[in-house]
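Accompanying notes for the structure given below.
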Amino acid sequence: MAAINSVVSFIKAQYKTENFIPLHVPHFGGNEKKYLLETIDSTFVSSVGAYVDQFELMMQAITQTQKTVAVVNGTAGIQVALRLVGVKAGDEVLTQALTFVATANAIAYQNATPVFLDVDLDTMGLSPKAIASFLEEFGDLREDGCYNKKTGNKIGACVPMHTFGFPVHLDELIAVCDAWRIPVVEDAAESLGSEYKGKPTGSLGKVGVFSFNGNKIVTCGGGGAIVTNDIAIGEKGKYLTTTAKIPHPYEYVHDEMGYNFRMPNLNAALACAQLEQLEGFLENKRRLAKEYQSFFSTNGIKFRTETPDTKANYWLMCVELENKAERDLFLERTNANGVMTRPIWQLMYRLPMYANCQKDEQINAEFLEERIVNIPSSFRKI
């Protein structure tokens with residue numbers, strides 16, 4: 001593939017360096033140091049502090065939701081979100097196999113079992129048609145919810161993941177799940193700033209969850225957020241993530257099993273400084289995506305773009321190669337020449353701990369697994 005040399009040259013030109021170019025690194029160009037020093041001086045460095053409260057209010061505004069709960073990471077957020085919508089041990093959760101392992105792990109942490117359904121080719125996210133087809137074959141709607149005819153287990157939730165920040169077809173997906181009385185938990189870990197028909201991702205399901213890991217569009221080293229428009233669910237989430245402690249002047253009173261999952265104030269300070277720059281990050285990434293699209297369109301390689309009625313944050317940008325052989329050659333040559341590229345994840349049912357989970361045909365997921373490659377997507381200093 002002769003075009004790979006020009007790909008390497010183009011990417012290095014975008015980042016104005018001949019040095020190694022990582023896939024995605026954080027950009028600290030605002031009040032990060034100032035807020036961190038203020039937090040240290042305050043001595044409130046753990047899960048109680050002004051920046052935790054400020055972070056939650058900022059996320060409510062950004063996601064246009066009624067309640068945010070700051071948590072230690074996105075995986076913990078999904079686990080708690082599943083409990084909040086009623087998922088219990090032994091339940092099943094509909095999700096996609098084409099995802100980062102945290103999605104499936106969070107389901108397993110709740111002692112539930114993932115059911116892997118196919119994705120759409122255009123969004124790379126969970127397909128409403130695949131959900132509808134599965135439920136028509138295996139769904140059993142009872143008074144207390146939907147059950148799987150094959151296993152007899154209750155289907156407690158559906159978790160679509162907005163792959164690389166590209167929103168799934170949420171209207172259709174939620175409509176199918178509503179008809180079968182299955183609550184939707186959006187795994188919006190990768191999609192902060194993305195929009196579906198003018199609405200922020202994370203705000204359309206019963207609950208949404210975001211990640212602020214070191215490689216995300218906004219980072220605080222580690223951290224997550226649960227968002228919801230159901231205030232009662234949000235309050236319950238805050239209670240559960242603070243060890244289910246009942247307020248008391250001095251006694252330690254806990255009336256159910258909770259989690260020590262609150263985000264520390266140090267991380268929240270960093271997150272607030274980053275959130276202040278979110279619009280600039282989004283604009284910067286969209287400029288890069290436009291330049292990538294123009295370049296790849298003349299080099300015979302498909303660059304992945306947002307679908308109609310959506311606005312992607314272009315967290316990790318990606319190309320689609322012709323086949324697995326072309327993908328592997330692209331990966332080998334770009335990495336050998338100092339440009340980090342990575343394949344999309346292995347499908348979850350290829351991993352030993354999820355090998356026995358129920359799944360459908362996975363035609364689209366397997367097609368994408370063999371072809372999608374992430375390319376450098378960091379903020380560029382202009």
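Residue check: Ser46 meets all listed conditions (1) at positive phi; (2) modelled with pLDDT under 95; (3) not aliphatic (A, V, I, L, M) but one, namely (1). From the list Glu366, Glu370, the lone residue that is open to solvent by less than 70 Å² (accessible area, probe 1.4 Å), out of contact with any strand residue (DSSP E or B) (no Cβ under 8 Å at 6 or more places or on another chain) and not aromatic (Phe, Trp, Tyr) is Glu366.
Does region 233-254 contain any residue that is open to solvent by less than 10 Å² (accessible area, probe 1.4 Å), within 17 Å of Met58 (Cβ to Cβ) and assigned to a loop (DSSP other than H, G, I, E, B)? No, that holds for no residue. The residues of region 261-310 that are open to solvent by 50 Å² or more (accessible area, probe 1.4 Å), within 19 Å of Asn374 (Cα to Cα) and assigned to a helix (DSSP H, G or I), listed by number, are Arg286, Arg287, Lys290, Glu291, Gln293, Ser294, Ser297. Does region 202-218 contain at least one residue that is open to solvent by less than 10 Å² (accessible area, probe 1.4 Å) and of a type in the set (Phe, Trp, Tyr)? Taking every residue of region 202-218 in turn, at least one turns out to be open to solvent by less than 10 Å² (accessible area, probe 1.4 Å) and of a type in the set (Phe, Trp, Tyr).
For region 12-68, filtering for residues that are among the hydroxyl-bearing types (Ser, Thr, Tyr) and part of a helix (DSSP H, G or I) leaves 5. Within region 20-73, being in contact with a Gly (Cβ under 6 Å, 6 or more places away or on another chain) and either under 22 Å from Ser194 (Cα atoms) or open to solvent by less than 30 Å² (accessible area, probe 1.4 Å) (or both) holds for Thr63, Lys67, Val69, Val71, Asn73. Just the residues that are β-branched (Val, Ile, Thr) and either on the phi > 0 side of the Ramachandran plot or assigned to a strand (DSSP E or B) (or both), please, taken from region 168-210. Within region 168-210, Val184, Val185, Val207, Val209 qualify. Restricting attention to region 104-139, which residues are farther than 30 Å from Leu240 by Cβ and assigned to a strand (DSSP E or B)? Within region 104-139, just Val119 meets the criteria.
The values are calculated or read from the model by the stated rules, or taken from the named source; none is laboratory data. Treat the numbers as computed from the prediction; the structure is a model and nothing was measured. FYI the Cβ positions are ideal-geometry reconstructions off the backbone, even for glycines, and counts take in every protein chain you see. The area values use the complete protein model at the heavy-atom level, side chains included, leaving out ligands, DNA and RNA. Shrake-Rupley method; radii C 1.70, N 1.55, O 1.52, S 1.80 Å.
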